[in-house]
Amino acid sequence: MVLGKFLARRLLNYVVLIFLATSFAYLLAATNLYPRGYFEQMQPPPTPEAVNAQLDALNLNDQAPLAERYVTWLGGVVQGDFGKTIQGGDVTDQMWMKAGVTLRLITVATVLGSVIGIAVGAYAAVRQYRRFDKAATAASFFVLSVPTVVIAIVVQVLAVTINDGLGFQLLRYSGEYAAGFDGTWWELLLNRVHHAILPTIVLAVALFASFARYQRNMMLDVLNADFVRTAMAKGLTRRKALFKHALRTALIPTITYFTFTFGALVSGATFTEKIYGWHGMGAWLIDSIFRHDVHVVAAVSWFMAITIMAASFLSDILYAWLDPRVRV
């Protein structure tokens, strides 16, 4: 009962935060982007009357009060309609299609990066100051010092070099799947997996470095704790005591840290998608900013807020599972 109330309160807080984040994103986009310029640069230039008529139809006319445009947009969002793109398409339909692309990428990268990072960090703490610990520390610090966008470009250049050296395309570094590919669903799946390897590695590596460093520090704090020595005194082997008691306790702050790293992962996915030719939310956001597409910017911001808050809610559930004090 207490656990249910705890999660319900957290969920309510997240709903409020999502509303505020999305509203601020819309207001910032509506005041800083210039949709009128998108139409004025067309050849031949349309008349001012035609531009105003088009902007009115899209609810993007900067001559209308901002509050009025916001209320109209918000009324549509409540009904599941995020408005029209500046090109006249339906934002909601395109958003769900592109959201699937991004979620496939960041979900796999999150699982790989966090699991491997936690395992490496925990083992490095157990092997403190030995070769594995030093190698893991050096690798983590190196990755943390390099922006994700640089890692993505370097990995892409390496893939081109390897393919040229082998004389055939072993590594795919552009697009979600091969253009014009025709085959069974199983062959299409393998083709998509082949194309997803490099961008997934880029995002997973960045996440691995963060988790490895953080988990190592948290594990060191509990290795010599009284409860670990007590468990060993009661007959548990050192390995079981470390895994059942030390690691479980050290995971509690790491679960909280997960929310912050996930936000960075979503941001990193924006550039990774653009570099690797994935038509997901990140690439859509960059293109929409250049087109002054207010509704798309707001929709992508809503999606990013949803994913980050979902990660936060998942961390709350895991926190409650790991820490008995929350349940009672």
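The values are calculated or read from the model by the stated rules, or taken from the named source; none is laboratory data. None of these values were measured; they are calculated from a predicted model. Cβ: placed from backbone, ideal geometry, glycine included. Neighbour counts: every protein chain shown. Each accessible area value is taken on the protein alone, full model and side chains, heavy atoms only, with ligands, DNA and RNA left out. Shrake-Rupley method; radii C 1.70, N 1.55, O 1.52, S 1.80 Å.
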Only residues that are open to solvent by less than 30 Å² (accessible area, probe 1.4 Å), touching a residue at least 60 places away in the same chain (Cβ under 8 Å) and farther than 22 Å from residue 194 by Cα: list them for the range 86-118, please. 86, 91, 92, 95, 117
Within the range 34-89, the count of residues that are closer than 17 Å to residue 291 by Cβ and among the basic types (Lys, Arg) comes to 2
Being closer than 22 Å to residue 128 by Cα and modelled with pLDDT under 90 is the filter here, so list the residues in the range 183-208 that pass it. 207
So residue 245, is it touching a residue at least 40 places away in the same chain (Cβ under 8 Å), in contact with a helix residue (DSSP H, G or I) (Cβ under 7 Å, 6 or more places away or on another chain) and either on the phi > 0 side of the Ramachandran plot or open to solvent by 10 Å² or more (accessible area, probe 1.4 Å) (or both): no
If you go through 151, 86, 118, the only one that is over 25 Å from the mean Cα position of the chain (by Cα) and either among the β-branched types (Val, Ile, Thr) or not in a helix (DSSP H, G or I) (or both) is 86
Filter the range 49-78 down to the residues that are over 19 Å from residue 296 (Cβ atoms), open to solvent by 90 Å² or more (accessible area, probe 1.4 Å) and not hydrophobic (A, V, I, L, M, F, W, C) and list them by number. 49, 63, 68
List every residue pair whose Cβ atoms sit under 7 Å apart, with the two residues 6 or more apart in sequence or on different chains, where the first one lies in the range 11-35 and is in contact (Cβ under 8 Å) with a residue 60 or more places away in the chain and the second, anywhere, is not in a helix (DSSP H, G or I). 33/292; 34/292; 35/60; 35/86; 35/292
Need pairs with beta-carbon distance below 8 Å; first residue closer than 12 Å to residue 6 by Cβ and modelled with pLDDT of 80 or more and within the range 309-323, second crowded, with 16+ Cβ neighbours inside 10 Å and aromatic (Phe, Trp, Tyr); sequence gap 6+ or separate chains. 313/14
List pairs: first residue in the range 172-184 and hydroxyl-bearing (Ser, Thr, Tyr), second residue open to solvent by 70 Å² or more (accessible area, probe 1.4 Å) and not in a loop (DSSP other than H, G, I, E, B) anywhere in the structure, Cβ distance under 8 angstrom, at least six positions apart or on different chains. 177/192
Can you tell me how many residues in the range 138-160 are of a type in the set (A, V, I, L, M, F, W, C), at pLDDT 90 or above, closer than 17 Å to residue 261 by Cβ and open to solvent by 70 Å² or more (accessible area, probe 1.4 Å)? 1
Tell me whether the range 194-217 contains one or more residues that are basic (Lys, Arg), surrounded by 14 or more Cβ atoms within 10 Å (Cβ to Cβ) and part of a loop (DSSP other than H, G, I, E, B). no
